[in-house]
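Accompanying notes for the structure given below.
The values are calculated or read from the model by the stated rules, or taken from the named source; none is laboratory data. Predicted, not measured: the structure shown is a model, and the values here were computed from it. Heads up, the Cβs are rebuilt from the backbone with ideal geometry, glycines too, and the neighbour counts pull from every protein chain shown.
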Amino acid sequence: MPFKQLGLSEEILRSIQKHGFTAPTPIQDLAIPQIFDGTDLLVEAQTGSGKTACFAWPILQQLAAQKSGGKKVIQALILTPTRELALQVSAALSQFGEFLCKKVSALTVIGGESIAQQTQTLAAGVDIVVATPGRLLDLIGQQILSLAHLKFFVLDEADKILDLGFAAELELILEKIPDTRQNLFFSATYPSKVLEIAKRISKNPVPLKIDDMAPTVDTISQRVILVNKEKRGMLLRHLIKAECWRDGLVFVSSKIAAHNLCGKLRKAGINADALHGDLSQPERNKALANFKTKKTHFLVATDVAARGIDIEKLSLVINYDLPRSPADYIHRIGRTGRAGETGLAISFIGLEDQEHFKLIEKRAKIRLDREEIAGFELLGDIPEKVRGLPPIKGKRKSKKDRARELKRT
Ligand code: ADP
Ligand code: MG
């Protein structure tokens, strides 16, 4: 079994077999032996490349190999930017740990769920905590939770944790963690700010990188549809029917947009739900669970709410609103076409999005044709501020074109 070379135990191999995995993903191949060696790592690999297992397998295995005795102390902390991701990582830990002879326990420490329950479990002792920063600090502050014996510190979706303004909270958490820990960072991207913090808080971390952005999109066919902003709702409803889309994840830029679009789709008889930060935790869990089990066909979500969430066999992703950063574009479309399956990613581009989308293409090293759908053609002029030459099919702007543009402004 190819996994054996990574140094994984029989017990972990059994769960891998149960999952039906036949070979490690490239990043698992690279990272897992080094994690066993105790090295600090900065792992950079695209969404869907199997990063969770990279840290879950070695941590579970090493904790299971310890002699038991005495009350359990927290030895591993996995920080995630969202509650959903924390729940997903916890679920992965419990699945991957299914066959361990010595049980390794994990607790999810997130807001929106009962503090009493978390306190009770902590009092009984746990090995691993999977947490979002806020609630974790709460429990540390109340001295309900101690990280004094921590051995593994994992930041999952590291870029997003820092992006969401958790940097100050991270500093507070770090003060409570012993210096002699193994630091493991996982992310699809490392903006310089993240890199700087990662390097500061860990010991000569080894950067491990699989591919750059471009190959992410190999199994994903990407379509770009020109449409005026106000026609997008109608176009989406039209396409769902005309192209017989069964299900998909629709990205919007705000909570309110998620709420509104979901309402519009429902009115048109489309089975849709919304996932965003204004919903209560049980509502968020339910929306996600229903989408995963295909009870809901279309999930309208914000980036933050959907970050890192792994949905099996997601065949369609729609950028109803474009993401702000090119990295987020890759993250979003990386949700489809996983594990060799083909997927479809669609972006709606309005008049004001043209320049921004060009930047995304440049950074992702792609160049996509623009389509128009009959009855929904893009009308009007590109706003003065972002006016460029109309896109030329399959051809980059020449230096002359760019010079001409400069002259016009
Ligand atoms: P990432 O964190 O890199 O976005 P995940 O850890 O969420 O990716 O994994 C994406 C999917 O790939 C999950 O459904 C996971 O179970 C699956 N997976 C992980 N490792 C393998 C493997 N070696 N072979 C096949 N599928 C795998
Ligand atoms: Mg992940």
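For the subset of the stretch 13-54 comprising residues that are among the small types (Gly, Ala, Ser) and near ligand 1 (Cβ under 10 Å from one of its atoms), which member is surrounded by the fewest Cβ atoms within 10 Å (Cβ to Cβ)? Restricting to residues being among the small types (Gly, Ala, Ser) and near ligand 1 (Cβ under 10 Å from one of its atoms), the top hit is Gly20.
This table checks each residue for (1) within 16 Å of ligand 1 (Cβ to nearest atom); (2) in the same structural domain as Phe55 (by TED's automatic domain parsing); (3) in a loop (DSSP other than H, G, I, E, B); (4) within 24 Å of Gln118 (Cα to Cα).
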position	(1), (2), (3), (4)
His149	no, yes, yes, yes
Val154	yes, yes, no, yes
Ile161	yes, yes, no, yes
Ile173	no, yes, no, yes
Thr189	yes, yes, yes, no
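Looking across the stretch 226-269, just one residue is in contact with a His (Cβ under 9 Å, 6 or more places away or on another chain), in contact (Cβ under 8 Å) with a residue 40 or more places away in the chain and more than 23 Å from Lys292 (Cβ to Cβ), and that is Ser254.
Here's the yes/no breakdown for (1) part of a helix (DSSP H, G or I); (2) over 26 Å from Arg335 (Cα atoms); (3) more than 16 Å from ligand 1 (Cβ to nearest atom):
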{"site": "Lys199", "(1), (2), (3)": "yes, yes, yes"}
{"site": "Ile225", "(1), (2), (3)": "no, no, yes"}
{"site": "Trp245", "(1), (2), (3)": "no, no, yes"}
{"site": "Leu249", "(1), (2), (3)": "no, no, no"}
{"site": "Gly263", "(1), (2), (3)": "yes, no, yes"}
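Looking at (1) free of Cβ contacts under 8 Å to residues at least 40 places away in the same chain; (2) in contact with a Leu (Cβ under 7 Å, 6 or more places away or on another chain); (3) away from ligand 2 (no atom under 16 Å from the Cβ), which one does Val194 not meet, given that it meets all the others? Failed condition: (3). Collect the residues in the stretch 132-156 that are more than 22 Å from Lys203 (Cβ to Cβ) and within 15 Å of ligand 2 (Cβ to nearest atom), keeping them in residue-number order. Of everything in the stretch 132-156, just one residue is more than 22 Å from Lys203 (Cβ to Cβ) and within 15 Å of ligand 2 (Cβ to nearest atom), namely Thr132. A Cβ distance below 6 Å, combined with a sequence gap of six or more or placement on separate chains, defines the contacts here; from the stretch 107-125, residues that are surrounded by 14 or more Cβ atoms within 10 Å (Cβ to Cβ) reach residues that are among the hydroxyl-bearing types (Ser, Thr, Tyr) in the pairs Leu107/Thr121; Thr108/Ser90; Ile110/Thr132.
Once the stretch 12-66 is narrowed to residues that are in a helix (DSSP H, G or I) and among the polar types (S, T, N, Q), the residue that is farthest from Leu184 (Cα to Cα) is Gln17.
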